[in-house]
Amino acid sequence: GIQVEQSPPDLILQEGANSTLRCNFSDSVNNLQWFHQNPWGQLINLFYIPSGTKQNGRLSATTVATERYSLLYISSSQTTDSGVYFCAVNYGTYKYIFGTGTRLKVLA
Amino acid sequence: EAGVTQSPTHLIKTRGQQATLRCSPISGHTSVYWYQQALGLGLQFLLWYDEGEERNRGNFPPRFSGRQFPNYSSELNVNALELEDSALYLCASSPEDREAFFGQGTRLTVV
């Protein structure tokens, strides 16, 4: 089956810093999403990005499907950005296989 | 527009009992997915329903089962509960093969 790996596993930043989170997948995928999981467990949609680049405020994402990776950029980080970030891929009949996650902590 | 809703929010059961979790998808979404997230771990794919049929299931024993109703809502049943079934169960819905949206989850505790 497909492997979805995220890096780094843990990240600690000072407020205002920028960061890049990476998602690598081992096979061709139909589509890809990025999520932020808040402390209460809710998964918040960030991007639906099978390919190309999208931006939403301080966040942007790029997926290079041919090279099997996606990047999530967070600029000018805020304490409210803390949480776990997941990428998830839609692969054949397997729907939304989740990556291993990046746990982000932003310090005030 | 209402999002994906799950009930109950919390559920406490005794080992050996059965648990039933419910999910109402976003209006117009025909696919429903179920995931298990044990404490501190990632999300594991459980089941996918589309148009009332089970389309795929993850690597879980048969005591995890479910169904999708004609209105596309879904139910997840876990029989013969074990302590390790304690987890956050998340449901998501999507239109055909498009962006998925998640509910707030049901936290199941087995004692």
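The values are calculated or read from the model by the stated rules, or taken from the named source; none is laboratory data. Because the structure is predicted, anything quoted here is derived from the model rather than measured. Don't worry about glycine lacking a Cβ; one is built from the backbone with ideal geometry, like all the others, and counts go over all protein chains shown. Remember, those area values only see protein heavy atoms, side chains included, never the ligands or the DNA or RNA. Shrake-Rupley method; radii C 1.70, N 1.55, O 1.52, S 1.80 Å.
Considering B:Gly42, B:Gly58, which residue is without any contact (Cβ under 8 Å) to a residue 12 or more places away in the chain, within 14 Å of chain A (Cβ to nearest Cβ) and touching a strand residue (DSSP E or B) at 6+ places or on another chain (Cβ under 7 Å)? Talk me through it step by step, then tell me what you get.
Details: B:Gly58 fails: without any contact (Cβ under 8 Å) to a residue 12 or more places away in the chain.
The conditions single out B:Gly42.
Can you tell me which residue within the range B:71-87, out of those that are open to solvent by less than 10 Å² (accessible area, probe 1.4 Å) and touching a Gly at 6+ places or on another chain (Cβ under 7 Å), is nearest to B:Arg15 (Cα to Cα)?
The selected residue is B:Leu81.
Any idea which of (1) touching a residue at least 24 places away in the same chain (Cβ under 8 Å); (2) surrounded by 19 or more Cβ atoms within 10 Å (Cβ to Cβ); (3) out of contact with any Gly (no Cβ under 8 Å at 6 or more places or on another chain) is the one B:Gln68 doesn't satisfy?
With respect to (1) touching a residue at least 24 places away in the same chain (Cβ under 8 Å); (2) surrounded by 19 or more Cβ atoms within 10 Å (Cβ to Cβ); (3) out of contact with any Gly (no Cβ under 8 Å at 6 or more places or on another chain), B:Gln68 is out only on (3).
Filter the range A:13-65 down to the residues that are of a type in the set (A, V, I, L, M, F, W, C) and not in a strand (DSSP E or B) and list them by number. Please lay out each step first, then the result.
First, pick out the residues of the range A:13-65 that are of a type in the set (A, V, I, L, M, F, W, C): A:13, A:17, A:21, A:23, A:25, A:29, A:32, A:34-35, A:40, A:43-44, A:46-47, A:49, A:59, A:61, A:64-65.
Of everything in the range A:13-65, those that are of a type in the set (A, V, I, L, M, F, W, C) and not in a strand (DSSP E or B) turn out to be A:Ala17, A:Val29, A:Trp40, A:Ile49, A:Ala65.
Could you tell me which of the residues A:Leu21, A:Leu13, A:Leu43 is touching a residue at least 12 places away in the same chain (Cβ under 8 Å) and more than 20 Å from B:Gly40 (Cβ to Cβ)? Before you say what the answer is, go through the steps one by one.
On the way: A:Leu21 fails: more than 20 Å from B:Gly40 (Cβ to Cβ); A:Leu43 fails: more than 20 Å from B:Gly40 (Cβ to Cβ).
Going through A:Leu21, A:Leu13, A:Leu43 in turn, the sole match is A:Leu13.
Quick one: how many residues across the range A:77-108 are hydroxyl-bearing (Ser, Thr, Tyr), open to solvent by 10 Å² or more (accessible area, probe 1.4 Å) and either farther than 19 Å from B:Ser31 by Cβ or not in a strand (DSSP E or B) (or both)? Spell out the reasoning first.
From the range A:77-108, those hydroxyl-bearing (Ser, Thr, Tyr) are A:77, A:79-80, A:82, A:85, A:91, A:93-94, A:96, A:100, A:102; that's our starting set.
Retained after the next criterion (residues that are open to solvent by 10 Å² or more (accessible area, probe 1.4 Å)): A:79-80, A:82, A:91, A:93-94, A:100.
Remaining after also requiring either farther than 19 Å from B:Ser31 by Cβ or not in a strand (DSSP E or B) (or both): A:79-80, A:82, A:93, A:100.
Matching residues across the range A:77-108 total 5.
To keep it simple, each residue is scored yes or no on (1) more than 30 Å from A:Pro9 (Cα to Cα); (2) more than 10 Å from chain A (Cβ to nearest Cβ); (3) open to solvent by 20 Å² or more (accessible area, probe 1.4 Å).
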site: B:Ile12; (1), (2), (3): yes, yes, yes
site: B:Cys91; (1), (2), (3): no, yes, no
site: B:Phe101; (1), (2), (3): no, no, yes
site: B:Gln104; (1), (2), (3): no, no, yes
site: B:Val111; (1), (2), (3): yes, yes, yes
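Looking at the range A:86-108, I want the residues that are facing chain B (nearest Cβ under 7 Å) and have a partner that is open to solvent by 40 Å² or more (accessible area, probe 1.4 Å) and aromatic (Phe, Trp, Tyr) with Cβ atoms under 6 Å, at least 6 apart or on another chain. Which pairs are those?
Listed by first residue and then by second, the contacts come to A:Ile97/A:Tyr91.
Restricting to the range B:14-35, what's the tally of residues that are within 14 Å of another protein chain (Cβ to nearest Cβ), out of contact with any Asp or Glu (no Cβ under 8 Å at 6 or more places or on another chain) and part of a strand (DSSP E or B)?
3
Could you please let me know if A:Leu72 is open to solvent by 10 Å² or more (accessible area, probe 1.4 Å), away from every other protein chain (no Cβ under 11 Å) and of a type in the set (A, V, I, L, M, F, W, C)? Steps first, answer last, please.
Details: open to solvent by 10 Å² or more (accessible area, probe 1.4 Å): no; away from every other protein chain (no Cβ under 11 Å): yes; of a type in the set (A, V, I, L, M, F, W, C): yes.
So A:Leu72 does not fit the description; no.
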